[in-house]
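Structure, as structure tokens:
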4 protein chains.
Amino acid sequence: MLKVGVVGATGYAGEEVIKILIRHKLVKITELSAIIDKEEPIASLIPAFKGKLDVICKKPDPEGMAKNVDLVFLGLPHKVSMGIAPSFLNAGKPVIDLSADYRLDQKVYEKWYGTAHKDVPNLAKAVYGLPELYLDEIKKAKLLANPGCYPTGVILGIAPALADKAVDPAGIISDSKSGATGAGRKADLGLIFCEVNENLRAYKVNEHQHKPEINKILSRVAGREIDIVFTPHLIPMNRGILSTIYLKLIKPMDTAAAVALYKKFYAGKPFVRVCDEGKLPQIRDVVGTNYCDIGLKATGSTLIVVSCVDNLVKGAAGQAVQNMNIMCGFSETEGLL
Amino acid sequence: MLKVGVVGATGYAGEEVIKILIRHKLVKITELSAIIDKEEPIASLIPAFKGKLDVICKKPDPEGMAKNVDLVFLGLPHKVSMGIAPSFLNAGKPVIDLSADYRLDQKVYEKWYGTAHKDVPNLAKAVYGLPELYLDEIKKAKLLANPGCYPTGVILGIAPALADKAVDPAGIISDSKSGATGAGRKADLGLIFCEVNENLRAYKVNEHQHKPEINKILSRVAGREIDIVFTPHLIPMNRGILSTIYLKLIKPMDTAAAVALYKKFYAGKPFVRVCDEGKLPQIRDVVGTNYCDIGLKATGSTLIVVSCVDNLVKGAAGQAVQNMNIMCGFSETEGLL
Amino acid sequence: MLKVGVVGATGYAGEEVIKILIRHKLVKITELSAIIDKEEPIASLIPAFKGKLDVICKKPDPEGMAKNVDLVFLGLPHKVSMGIAPSFLNAGKPVIDLSADYRLDQKVYEKWYGTAHKDVPNLAKAVYGLPELYLDEIKKAKLLANPGCYPTGVILGIAPALADKAVDPAGIISDSKSGATGAGRKADLGLIFCEVNENLRAYKVNEHQHKPEINKILSRVAGREIDIVFTPHLIPMNRGILSTIYLKLIKPMDTAAAVALYKKFYAGKPFVRVCDEGKLPQIRDVVGTNYCDIGLKATGSTLIVVSCVDNLVKGAAGQAVQNMNIMCGFSETEGLL
Amino acid sequence: MLKVGVVGATGYAGEEVIKILIRHKLVKITELSAIIDKEEPIASLIPAFKGKLDVICKKPDPEGMAKNVDLVFLGLPHKVSMGIAPSFLNAGKPVIDLSADYRLDQKVYEKWYGTAHKDVPNLAKAVYGLPELYLDEIKKAKLLANPGCYPTGVILGIAPALADKAVDPAGIISDSKSGATGAGRKADLGLIFCEVNENLRAYKVNEHQHKPEINKILSRVAGREIDIVFTPHLIPMNRGILSTIYLKLIKPMDTAAAVALYKKFYAGKPFVRVCDEGKLPQIRDVVGTNYCDIGLKATGSTLIVVSCVDNLVKGAAGQAVQNMNIMCGFSETEGLL
């Protein structure tokens, strides 16, 4: 049994990692920590774990925790992870980081997150954990940068067409809609129930910090610089991101051909489901699962792609466990079906 | 035109008072204040008022504001109002206070709100603003204690049966369900969207601070001490309180008789609608209105009463304007239909 | 007082028309009809009208109703209106039709709605009721085709840039998100609470029947054929449509210039509010109002426009009353502020 | 591997049974049926099963299905199950019926469901499947009447106090609040999104068909006739039932004593979690689980009990699988944790 720890156990992503690990047959949760007033059983902090998990949630002590784990998940806010990860890496323990701290190049990170990067040496070694694109690198990773929730669905929705050179790398638009857990569990006036419920708004239009992450990976796929137009929206629901993506076809292609292209690209990938022609995905079919569902519609010179993920599962915790499975040589789907 | 000010203009109750006053033909909003970073037009702070109201929202300055208003609404948190009201009262300007600061006797207030009362002299003069019970007192009020949201619906649901001595004053139960605006606009982890949405919970069971307010008024109605059982619940919707009330009949009575009793009690009261036998109220019919809708069902020795109000209108801002209308000799319904 | 009737009084649009007319000082509702089991007061069918409106809702009888109204609103499903409107027009009574039956040219209508048009003579005389574009025609209209909910927000969001020849008429994309009232009040399995709540989906991608309506009006504005890409989505909220529109700039323009262009275009139009640079609209600010709020962001060669309307007000009933005001020479805003 | 069939595979309860059985290690789903237009893979009908379950959903054919299953779940509407169950029972195949058809005595059933019972001989042999009360009977059951969603939470919330004779068997009140899946997946105008969302209502007050079921079981527990007051409410959320129960203490008891009593009663029962003193359950902690969480508060002579279940899991499909586990000698929790 792999001994696993979770730092940031009481955030939405941390809670979800724990929920999945409880079902995982090859790991044992040995350590949990969070910024809390007093150390107590995790089931006292998160009643849903009552009767399911009997582990004390401690205050943060990376060095101490590193001694009692074989691998650690960091479910921490951006800018915090890079101060914690080295403690585990120095002790030789693999790290799966769910924050953005190890996803971007130093300069881009510092521009978008407005702070100096504190762990440049490790940043260079981090592997971007999108298994459908980087399986081989992930197998060897010691520091895994788990993708952001928006980038997961957006990149998976664009990569096949882009890799096939079927669409124009310029002028890619992603209109993305996220449930409210995307913003994390924090007391923010803009996130209280009555401000989100019966409301809908675009935010950080083309200025969201996930944009450079999407650009970086798509540029790698295309072999040239890509700069997408990216508009995130906040939707009154708990979970899920649906991205409606508009691509300009440079190869003529009907919907059937597009579906065939995507099905071929994701053949053998257990967590991407491409809809048959005429069908489109919806959020309720992916909520609580590690699937990314993709639907396609070609119309004139436009290819419309609709991709759906659960932002806390395939967009965070599930993908993190998928990455752990790959890093540890387990079945890729263990604990995730 | 009556010159009116609103202190606490950016809270849910303050915003709602303004929304109603804009429609009111006999008043003019001359002053607004709130705890804000810089003074700016209210329409910049609350975009919904764009094109509808052109008044600067200032930082709090009760003495200054008192000079430019004929009457003031205080949409402030409990414990804050009693520090502000005297500035207006001393300047001879009537005050309608939407907080709990002037609703209870000093001792009870201090026990339930955990703080010394700062304005005992005015407390004695305050009138409880439930127009269906206290019309004559309200006409003469200079300091009006506007009822709490839960008490409004609960008291209106019980008063007719209690006044008629049809039900046992002991053993009254109110199971009340409130939308999330009831908690005010504040950044609280328990109020963020994902904690309230797809969730349901009882809270402060029989310990809610509105219980002594309900007890005080019902005791007055019954002419004897009353202590109800009161369970509030938080419902995933923005507005509305539905209270399901269980009363023990001491006079045998069928539903038709109960309906007749309630219709007679509220005859001529423009904002209470008693449902015909066989019909029950629902929240959507009162949202955005100043109505309290009441439905009745007698079954064996139990009289079940269902009452619905919009917590921000009849349970706060609407009733406050109703009280202003009465205090100023306007039509009771002006601005409210 | 203008005597007004509403056919289809119990649908969402009909109910909303009535709600607005109750507040209107220059009209009197004399006739209501709907497909119902037995004729009864409208307040029995829609309890929210209790105490506010005392009119019997009758079964459909256009000829009879025409005798007792000066003007009629048709809140009927598509394909039904065109069978009813002639009865009123023949009696010389102006008709404001909220369905799609008089919005398109005959051929386009028959293609998209899959049925022969039953009232071709009147179709030719119908005026498209978007007051911000067609004020003069509306003043003289006898048969008014009230715009669809999606087209209202989409057209208002695109017209200024298109009229200015600032953007490429080819390659316009509107990604639109609608609350569930957009689908009308009908018992459809796809519309029940648990299928819509905590869900999100695109539907009728580029095949929605509002697309030809948008194309027709934009083509008129541009003076050339336009064919947009249009993706509607169903959002778990009751009301509101937010459209995120992507336009290709052919005149270089920053956000400030775009805002200035839009403010100039809509100067003097009481129901369009253009946000200042750096601000974006949200649904809660327009819900329950007749406003269309528009925000802009220019980025590289893309102009992103976000427009918000309440689908039942500016997108249906409110705009219908605005049109009535113009047709009857009333103040354009009467009953709507 | 136990071969299992599900009749009514496309309803909410049927879908949930399948979802749980997929995770179950000791069973194999061999047969599915539903009233459908054409036979197709269940994953085409319910996209969430794509990649997880590859079984054809057939049209109803009980005799045919009986040959290929060892046990069957009936996820059918009331009045339908009793026409189907005999086909399986006659073939010697155990039946777990999720409808109400085998829960009540014949006379009571016929009164409350308004129809003659079609399968009286089997009705007499049916076992009521509440494992916390009837474990031994369930072990031997061939025809299991799975409890209703409301009765599960209400009975579990009352049984310990009643069995202990701590509370008055007269005057029990259950104020119950249910999410919208409780009404099943059916196209009903009262269940469409906009009628349920931002709304709240009581319905079938003291006349709900689950009342006689609760009365029957509580009477058995108390050893005397019981007739509770039962008020169900519809809450704008998908899943979950929270019942707030009011009991009159006849043994003086504080909250600590009540908690101790309940903990003792449910000791060793894996799916009931009694909250520590001072804590109360909430819906989000039980959604998606087979737990019934119970919180207690004694106040004066009233014992307030709050019980939470997921209506589709412990209130339907989960409990059905729990019963199957017991009937088949599997671990009671298999597939359910």
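The values are calculated or read from the model by the stated rules, or taken from the named source; none is laboratory data. On a predicted model such as this, the values are computed, not experimentally measured, just so you know. We place every Cβ from the backbone using ideal geometry, glycine too, and count neighbours over all the protein chains shown.
Details
- Within the range D:287-298, the set of residues being part of a loop (DSSP other than H, G, I, E, B) and more than 12 Å from chain B (Cβ to nearest Cβ) comprises D:Thr289, D:Asn290, D:Tyr291.
- Taking helices (runs of 4 or more DSSP H) as the structural unit, those lying wholly within the range D:16-127 and holding at least 3 residues that are free of Cβ contacts under 8 Å to residues at least 60 places away in the same chain and closer than 23 Å to D:Lys314 by Cα correspond to D:81-90.
- Within the range D:212-257, considering residues that are among the basic types (Lys, Arg) and surrounded by fewer than 23 Cβ atoms within 10 Å (Cβ to Cβ), the one nearest to B:Pro232 (Cα to Cα): D:Lys248
- Residue in the range D:259-267 that is free of Cβ contacts under 8 Å to residues at least 12 places away in the same chain, touching a strand residue (DSSP E or B) at 6+ places or on another chain (Cβ under 9 Å) and part of a loop (DSSP other than H, G, I, E, B) present: no
- Here C:Asp276 clears all of (1) surrounded by fewer than 24 Cβ atoms within 10 Å (Cβ to Cβ); (2) over 29 Å from A:Leu247 (Cβ atoms); (3) of a type in the set (D, E, K, R); (4) within 14 Å of chain A (Cβ to nearest Cβ) except the condition numbered (4).
- Residues being closer than 23 Å to A:Ser99 by Cα and either small (Gly, Ala, Ser) or assigned by TED's automatic domain parsing to the domain that holds A:Asp97 (or both) - total across the range A:315-337: 6
- Odd one out for A:Val305, checked against (1) under 21 Å from A:Tyr150 (Cα atoms); (2) at pLDDT below 95; (3) among the aliphatic types (A, V, I, L, M): (2)
- Test result for C:Asp293, of a type in the set (D, E, K, R), in contact with a Lys or Arg (Cβ under 7 Å, 6 or more places away or on another chain) and more than 23 Å from C:Lys248 (Cα to Cα): no
Conditions (1) touching a helix residue (DSSP H, G or I) at 6+ places or on another chain (Cβ under 6 Å); (2) under 30 Å from C:Arg185 (Cα atoms); (3) of a type in the set (Gly, Ala, Ser), marked per residue:
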| position | (1), (2), (3) |
| --- | --- |
| D:Gly157 | no, no, yes |
| D:Asp168 | no, no, no |
| D:Glu225 | yes, no, no |
| D:Phe230 | yes, no, no |
| D:Met253 | no, no, no |
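- Subset of the range B:46-70 (residues that are among the hydrophobic types (A, V, I, L, M, F, W, C) and surrounded by fewer than 16 Cβ atoms within 10 Å (Cβ to Cβ)): B:Ile56
- Taking the criterion of being part of a strand (DSSP E or B), under 17 Å from C:Val305 (Cα atoms) and more than 8 Å from every other protein chain (Cβ to nearest Cβ), the residues of the range A:219-253 that qualify are A:Phe230, A:Pro232, A:Leu234, A:Ile245.
- Of the residues making up the range D:130-139, at least one is touching a residue at least 24 places away in the same chain (Cβ under 8 Å), at negative phi and either within 14 Å of chain B (Cβ to nearest Cβ) or outside any helix (DSSP H, G or I) (or both).
- Yes/no for D:Lys269 being out of contact with any His (no Cβ under 8 Å at 6 or more places or on another chain), farther than 30 Å from B:Gly179 by Cα and either surrounded by fewer than 24 Cβ atoms within 10 Å (Cβ to Cβ) or facing another protein chain (nearest Cβ under 7 Å) (or both): yes
- C:Ala183 meets each of the listed conditions (1) buried (at least 20 other Cβ atoms within 10 Å of the Cβ); (2) in contact with a helix residue (DSSP H, G or I) (Cβ under 7 Å, 6 or more places away or on another chain); (3) aliphatic (A, V, I, L, M) apart from (1).
- Enumeration of residues in the range D:299-331 that are in a strand (DSSP E or B) and more than 10 Å from every other protein chain (Cβ to nearest Cβ): D:Leu303, D:Val305, D:Ser307, D:Val309
- Restricting the first member to the range B:181-193 and to residues that are under 22 Å from B:Val309 (Cα atoms) and within 7 Å of chain A (Cβ to nearest Cβ), and the second to residues that are in a loop (DSSP other than H, G, I, E, B) and basic (Lys, Arg), the beta-carbon pairs closer than 8 Å and six or more apart or on different chains are B:Thr181/B:Arg239.
- Residue match in the range C:20-37 (condition: among the charged types (D, E, K, R), modelled with pLDDT of 95 or more and out of contact with any helix residue (DSSP H, G or I) (no Cβ under 6 Å at 6 or more places or on another chain)): yes
- Yes/no for B:Glu110 being out of contact with any Phe, Trp or Tyr (no Cβ under 6 Å at 6 or more places or on another chain), under 24 Å from B:Ser331 (Cα atoms) and surrounded by fewer than 24 Cβ atoms within 10 Å (Cβ to Cβ): no
- Index of the failed condition, A:Lys264 passing every other in (1) within 12 Å of another protein chain (Cβ to nearest Cβ); (2) over 24 Å from A:Glu213 (Cα atoms): (1)
- Only one entry of A:Ile96, A:Ile84, A:Ile36 meets the criterion of being closer than 30 Å to A:Leu337 by Cβ and either more than 14 Å from chain D (Cβ to nearest Cβ) or not aromatic (Phe, Trp, Tyr) (or both), and that entry is A:Ile96.
- Checklist (1) more than 13 Å from chain A (Cβ to nearest Cβ); (2) of a type in the set (A, V, I, L, M, F, W, C); (3) touching a strand residue (DSSP E or B) at 6+ places or on another chain (Cβ under 6 Å); (4) assigned to a loop (DSSP other than H, G, I, E, B) applied to C:Ala161, failing item: (4)
- Test for C:Leu337: is it assigned to a loop (DSSP other than H, G, I, E, B) and among the aliphatic types (A, V, I, L, M): yes
- Taken over the range B:199-214, the criterion of being out of contact with any Cys (no Cβ under 9 Å at 6 or more places or on another chain) and within 11 Å of chain D (Cβ to nearest Cβ) is satisfied by B:Asn199, B:Ala202, B:Tyr203, B:Lys204, B:Val205, B:Asn206, B:Glu207, B:Lys211.
- Residues located in the range D:164-180, provided they are of a type outside the set (Val, Ile, Thr) and either farther than 20 Å from D:Cys308 by Cα or not assigned by TED's automatic domain parsing to the domain that holds D:Ala260 (or both): D:Asp164, D:Lys165, D:Ala166, D:Asp168, D:Pro169, D:Ala170, D:Gly171
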